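The values are calculated or read from the model by the stated rules, or taken from the named source; none is laboratory data. Keep in mind that what you see is a predicted model, and the values were worked out from it rather than measured. Positions of Cβ are backbone-derived with ideal geometry, glycine not excepted, and every protein chain shown enters the neighbour counts. Side chains included, ligands, DNA and RNA excluded: accessible areas come from the protein's heavy atoms. Shrake-Rupley method; radii C 1.70, N 1.55, O 1.52, S 1.80 Å.
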Amino acid sequence: MTAKTAVACPEPEDQAETAVDERESEKGLATAEYAIATIAAAGFAGALMVILKGGDVKAMLTSLVQSALTIG
């Protein structure tokens with residue numbers, strides 16, 4: 001009869017399997033983070049377009065450009 005003894009420090013092969021398992025469980029997280037950031041950026045761009053197309057902002061930007069282009 002063979003007795004198994006408990007080992008306080010697992011073998012390196014066991015640690016490698018655990019690390020691979022943890023990476024596999026988080027495999028799609030980077031893709032999800034990129035998707036969320038892309039959606040947020042698109043929403044921000046949309047809100048910015050709505051603000052910039054407003055009459056007051058458009059008039060202010062036009063007068064700023066005209067004053068910058070005039071000499072004297």
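For Ala59, the requirement of being surrounded by 10 or more Cβ atoms within 10 Å (Cβ to Cβ) and either acidic (Asp, Glu) or modelled with pLDDT of 90 or more (or both) is not met. Restricting attention to segment 1-56, the residues that are of a type outside the set (A, V, I, L, M, F, W, C), more than 20 Å from the chain's Cα centre (by Cα), at pLDDT 70 or above and open to solvent by less than 90 Å² (accessible area, probe 1.4 Å) total 2.
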